[in-house]
1. Criterion first (in contact (Cβ under 8 Å) with a residue 12 or more places away in the chain and not assigned by TED's automatic domain parsing to the domain that holds ALA65) does SER290 satisfy it?
2. Testing ILE111 on (1) in contact with a strand residue (DSSP E or B) (Cβ under 9 Å, 6 or more places away or on another chain); (2) of a type in the set (A, V, I, L, M); (3) closer than 25 Å to GLN274 by Cα, one condition comes back false. Which one is that?
3. Can you tell me how many residues within the stretch 321-339 are of a type in the set (D, E, K, R), without any contact (Cβ under 8 Å) to a residue 40 or more places away in the chain and closer than 14 Å to VAL375 by Cα?
4. Given the conditions (1) under 20 Å from the mean Cα position of the chain (by Cα); (2) surrounded by fewer than 23 Cβ atoms within 10 Å (Cβ to Cβ); (3) of a type outside the set (Gly, Ala, Ser), report the number of the one that LEU85 does not fulfil.
5. Taking the stretch 45-101 on its own, how many of its residues are closer than 26 Å to GLY396 by Cα and among the acidic types (Asp, Glu)?
6. Please specify each residue of the stretch 74-90 satisfying the condition of being free of Cβ contacts under 8 Å to residues at least 60 places away in the same chain, part of a helix (DSSP H, G or I) and among the aliphatic types (A, V, I, L, M).
7. Would a scan of the stretch 89-100 turn up a residue that is in contact with a strand residue (DSSP E or B) (Cβ under 8 Å, 6 or more places away or on another chain) and within 20 Å of ASP405 (Cβ to Cβ)?
Amino acid sequence: MSQSKSQASNDVASVGPASPVDPNDRAEQRPVWAWIDRSALRHNCRRAVTLADGRDVIGVVKADAYGHGAEVVAQTMLASGVKRLAVVSIGEGATLRNAGITAPILLLGGIQSRVAAIQSSQHNLTPVIDDEQGLLLASGSLDSEAKRAVEVEIEVDTGMRRMGVLEDDAAGLIEKVMAAPGLRLSGVYTHLARADEADPEPSRAQCLALAKAIRGLPESGAGRPSIHVVNSGGLFRLNEFESGQIETDAVRPGLMLYGLSPFADRSAVELDLQPVMTLEAQVVATRRVSAGTAVGYGGEWVAPVDTTIATLPLGYADGMPRALKGRGKIFLAGEMRPIVGRISMDSLCLDVGDAAVEVGDLATVFGLTPGGERVPVEKFAEDAGTIGYEILVGIGQRVQRRTTDGSPTERARK
């Protein structure tokens, strides 16, 4: 049925005048922000460079740089002493190339098809191979007119039992790759499974196993590929793990670059690391409730006394684990306030007692408070029964990422 002019006019009037908002601006307008502090990232990169003691630092930027934003993070890392980057997927690598990044990019996830091999080559990525199928795919990606060799790396499984060529088969695969026309073996590595544990012996055994697997490589010169072993936990114990076991020329940290401790018994402060992400939200509602009032779905939490409930626009769709119910706390009005009731898809509630909290007040989920106090993401993760990695990569895309340089008191919130 056609609409009359008067009806159409009324509908337009009800909508109001045309919005001046740029239609290309897809940024979320909810009062929730993940601040990415480049100053802290630079500090952590310099820390890694110092610990690496002359070895190249390969910065791991998989999963959108652990949820921080791969393009900004990669550019900042490369300007802060990191020499190479590592991703898992071709899409992640392509994103960095499209952003103008030319540094070597290691493709940790490898290639599983001919199309993937060709795309990896087109984006000048360095795929990891761990069997003859990977070798065939890499060889099949060669362009007959290409003027450069396709670089590949080999992962040796020395104990993780997840990916990589088994250590007993490594020497044979290395030999075949080095003999393959058009390919260049640019690196061989392994991944430590227990670098965060007090006992160094499992990690030392992995280092020794890799050393045995690469005995046939040239000891020096252009024909020797890069050798790397340690992750974030291993980097803080580099000599303890590698000394007398293996000679390496690169390290491969991830978590520590973002300011988190890889150890359960050593804090980021003790390790001289600075938090890169600060997650904040403004209070969007408050209400005074009487003792006996149920809050949230299912009425599982009941106020034991008269209190004030403050609502934040953060829910499980934004990466807040539902397991935090009754366990987690968030910094608001000078104190850590308990999360009460079930976490909803788009919001959560805090019990703020008799504190004078108002709509618009700023809460810090983790990172640095406006006063510069640390709220460790590690503790937030512990309360949720998980690890810091999962919290960071789980922060949803509708949470606005904003970059800054410096402490919370120096950044301008909008």
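1. Judged against the criteria, SER290 is a match.
2. For ILE111, the failing item is (3).
3. 2
4. LEU85 satisfies all of (1) under 20 Å from the mean Cα position of the chain (by Cα); (2) surrounded by fewer than 23 Cβ atoms within 10 Å (Cβ to Cβ); (3) of a type outside the set (Gly, Ala, Ser) except (2).
5. 3
6. Hits for the stretch 74-90 are ALA74, LEU78, ILE90.
7. No, the conditions are met nowhere in the stretch 89-100.
The rows are residues; the columns are (1) outside any loop (DSSP other than H, G, I, E, B); (2) in contact with a helix residue (DSSP H, G or I) (Cβ under 9 Å, 6 or more places away or on another chain).
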| position | (1), (2) |
| --- | --- |
| PHE331 | yes, no |
| ILE339 | yes, yes |
| ALA355 | no, no |
| GLU378 | yes, yes |
| GLY385 | no, yes |
| GLU390 | yes, yes |
| ARG401 | yes, yes |
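The values are calculated or read from the model by the stated rules, or taken from the named source; none is laboratory data. Note that this is a predicted model, so its numbers are computed, not measured. Heads up, the Cβs are rebuilt from the backbone with ideal geometry, glycines too, and the neighbour counts pull from every protein chain shown.
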